[in-house]
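Below: one structure, written as structure tokens.
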Amino acid sequence: MNNCKAVEIAKNIYWVGAVDWSMRNFHGYETSRGSTYNAYLILDEKITLIDTVKINFKDELLARISSVIDPAKIDVIISSHVEPDHSGSLREIAALAPNAEIITTNPNGLKGLTARYGNLNYKPVKAGDSISIGERTLQFVPTPMLHWPDSMVTYCPEEKILFSNDAFGEHFATAMRFDDENDLSTVLFEAKKYYANILMPFGKQAQTALNALGNLEIQLIATGHGVIWRSNINKIIEAYKYWSSEEVEDCAVVVFDSMWHSTEILAQTITEAFAKRGIPAAYYDIKHTPLSDIVTDIFKSKYLAVGSPTINNQMMPTIASFLCYIKGLRPLNHKGFAFGSYGWGGQSIALVEDELKAAGVEIILDKIRIANLPTEKQLDEITEKILKLEL
Ligand code: FEO
């Protein structure tokens, strides 16, 4: 283990988390820049730890806490979220500090933590509850379904710090703890990717949480992943307002797989036809781009065209997997259509269309089905159809 030290982010408040440089897959979300698991230690009359880290990193957490105080002195542990990237080392910390109260939401946090870690010294809280830890107060704001039922953020009014857990975070491994020490466009891209892949289905809950936090004066947003926001707080809050809205942009995404280039030719024609209408279209051969990146683009693009050839009476498994992912994320206000080539049966295109409908996509063009290789005339007809589409 390297020489792990706590990082002071405000007077007597330390980052004691871990950087996961190598993680490339977070339950199916491909994390090309790794991640961090952020935990925070507040030195006050009651020593308080906000969240822990994934179990593989417990030694780093303990080393960072120990660089400031003896972990046995922890009086309060706040569990913002049961998911094990934050609660994974809870039992180990509780064993070292057996008298520490573990604050969690009631009933969902309590149920989840008990199921995972057994009976510990839990203190359930609800909206509006707060505790004094000495010079500081910690106010608890449950944010249910952002993105689990138990999720909660904690606000410290004396410091004007919001400990936001998953909200406002990114999967982004960095040695620089603050937003303004990193490339902002990269951080904002990763924050959008995080929102698209984790929070997309929960826009209404995100707006409720933003309203609940609306009146707070915030100088730092201490997230559960990625950077701590201090210089661009308005930017990330405004981005969340937009991302959680139902607004979509006049852009298209074309996603396909192909066996012998026929569906690929259709995808190119469709992409160019959108461009001819002045609608920028992103083009994704699914073999070459991770789903989580494609979804980041689909998130605010109004149009979605999905193509698959037919294989054994089905769509390609890559496209089935993509459509399953999209169905779970439930993009709002999207319009689209299915396309594909086939040798004989040609069932895949209707199957793709059915899955698009199931994902809530409004079908605006009848399925494009082409046997074998598309002719120039057929490609011209497809272009014409897209140019004449009423959008
Ligand atoms: Fe970062 Fe939902 O855990």
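Of the residues screened, Leu387 is not one that is more than 30 Å from the chain's Cα centre (by Cα), in a loop (DSSP other than H, G, I, E, B) and within 17 Å of Ile270 (Cβ to Cβ). For first residues located in the stretch 314-336 and touching a residue at least 12 places away in the same chain (Cβ under 8 Å) and within 13 Å of Asn197 (Cα to Cα), partners that are of a type in the set (Phe, Trp, Tyr) and not in a helix (DSSP H, G or I) and lie 6+ apart or on another chain with Cβ distances below 9 Å form the pairs Leu329/Phe299; Pro331/Phe299.
The set of residues from the stretch 234-261 being more than 16 Å from Asn333 (Cα to Cα) and under 18 Å from the mean Cα position of the chain (by Cα) comprises Lys235, Ile236, Ile237, Glu238, Ala239, Tyr240, Lys241.
Taking the stretch 217-237 as the search range and keeping residues that are part of a helix (DSSP H, G or I) and under 9 Å from Asp179 (Cβ atoms), which one is nearest to the ligand (Cβ to nearest atom)?
Restricting to residues being part of a helix (DSSP H, G or I) and under 9 Å from Asp179 (Cβ atoms), the top hit is Ile236.
Checking each residue in the stretch 87-99 for being in contact with a helix residue (DSSP H, G or I) (Cβ under 6 Å, 6 or more places away or on another chain), within 16 Å of the ligand (Cβ to nearest atom) and either basic (Lys, Arg) or part of a helix (DSSP H, G or I) (or both) picks out only Leu90. Taking Asp179 as the residue in question, decide whether it is buried (at least 21 other Cβ atoms within 10 Å of the Cβ) and over 23 Å from Glu83 (Cα atoms). When the stated conditions are applied, Asp179 passes them. Filtering the stretch 325-374 to residues that are of a type in the set (Phe, Trp, Tyr) and either surrounded by 19 or more Cβ atoms within 10 Å (Cβ to Cβ) or within 32 Å of the chain's Cα centre (by Cα) (or both) leaves Tyr325, Phe337, Phe339, Tyr342. Yes or no: Thr310 surrounded by 17 or more Cβ atoms within 10 Å (Cβ to Cβ), outside the structural domain of His86 (by TED's automatic domain parsing) and either more than 16 Å from the ligand (Cβ to nearest atom) or of a type in the set (S, T, N, Q) (or both)? Judged against the criteria, Thr310 is a match.
Screening the stretch 1-86 for strands (runs of 3 or more DSSP E) wholly inside it with 2 or more residues that are at pLDDT 95 or above, farther than 24 Å from Asn106 by Cβ and aliphatic (A, V, I, L, M) returns the ranges 7-10, 18-20.
How many of the residues making up the stretch 62-81 are open to solvent by 40 Å² or more (accessible area, probe 1.4 Å), of a type in the set (S, T, N, Q) and touching a residue at least 60 places away in the same chain (Cβ under 8 Å)?
Residues that pass the stated criteria total 1.
For the stretch 62-78: of the residues being under 22 Å from Ala173 (Cα atoms) and touching a Phe, Trp or Tyr at 6+ places or on another chain (Cβ under 9 Å), which is farthest from the ligand (Cβ to nearest atom)? This residue is Ser67. Trp148 meets all of the listed conditions (1) touching a Lys or Arg at 6+ places or on another chain (Cβ under 8 Å); (2) within 16 Å of the ligand (Cβ to nearest atom); (3) in a loop (DSSP other than H, G, I, E, B) but one, namely (1). Within the stretch 324-378, being of a type outside the set (Gly, Ala, Ser) and part of a strand (DSSP E or B) holds for Lys335, Phe337, Phe339, Tyr342, Glu362, Ile363, Ile368, Arg369, Ile370.
Screening Asp257 against (1) out of contact with any Leu (no Cβ under 6 Å at 6 or more places or on another chain); (2) under 25 Å from Val53 (Cα atoms) leaves a single unmet condition, (2).
Considering the stretch 151-173, the residues that are away from the ligand (no atom under 16 Å from the Cβ) and part of a loop (DSSP other than H, G, I, E, B) include one that is surrounded by the most Cβ atoms within 10 Å (Cβ to Cβ), namely Glu159. The sole residue among Asp59, Asp44, Asp20 that is within 16 Å of the ligand (Cβ to nearest atom) and either in contact (Cβ under 8 Å) with a residue 24 or more places away in the chain or in contact with a Pro (Cβ under 6 Å, 6 or more places away or on another chain) (or both) is Asp20. When Ala305, Ala282, Ala273 are screened for being assigned to a helix (DSSP H, G or I), of a type outside the set (Val, Ile, Thr) and on the phi < 0 side of the Ramachandran plot, only Ala273 passes.
For the stretch 228-249, a residue qualifies if it is open to solvent by 20 Å² or more (accessible area, probe 1.4 Å) and of a type in the set (Val, Ile, Thr), and the qualifying residues are Ile237, Val248.
The values are calculated or read from the model by the stated rules, or taken from the named source; none is laboratory data. Remember, predicted model here, so these are calculated numbers, not experimental data. With ideal geometry, Cβ positions are generated from the backbone for all residues, glycine too; neighbour counts draw on all protein chains shown. Just the protein is used for accessible areas: all its heavy atoms, side chains included, with ligands, DNA and RNA removed. Shrake-Rupley method; radii C 1.70, N 1.55, O 1.52, S 1.80 Å.
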